[in-house]
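As structure tokens, the structure follows; a few thoughts come after it.
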């Protein structure tokens, strides 16, 4: 299947907005980077489900990562592996870092980016992180 470069670029922008919002601690921007219902599947098959934007996605993320001393995430690589006009699957390799720059770990996720009513957002993901 051929990858639509325009859809891929839009999906990459969504991933960049999501990571920037998480790193900035901007809960409103995090919510704006998502589409709902939203889900995440963790490394042990645990599923986190948000029916709508009423949950505190940023707070929940921080609760899952605070024990490791998470300070920020850095995307090392992303590649669209599937696109249609309203959706993209993006393979993302990233690292989580502490405030001193030391690495907590290297992770891989598959993000599902969708367009709903004109809004592009991260609707789901499955990965090796918590």
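The values are calculated or read from the model by the stated rules, or taken from the named source; none is laboratory data. Here the structure is a predicted model, which is why all the values come from computation and not from measurement. Backbone-built Cβ (ideal geometry, glycine too); neighbour counts: all protein chains shown.
Observations
- Answer residue from the stretch 50-67, given it is assigned to a loop (DSSP other than H, G, I, E, B) and without any contact (Cβ under 8 Å) to a residue 24 or more places away in the chain and is farthest from residue 31 (Cα to Cα) among those: 51
- Residue within the stretch 98-119 that is outside any strand (DSSP E or B), surrounded by 19 or more Cβ atoms within 10 Å (Cβ to Cβ) and either out of contact with any strand residue (DSSP E or B) (no Cβ under 7 Å at 6 or more places or on another chain) or at negative phi (or both) present: no
- Among the candidates 47, 90, residue that is within 20 Å of residue 20 (Cβ to Cβ) and either at pLDDT below 95 or within 15 Å of the chain's Cα centre (by Cα) (or both): 90
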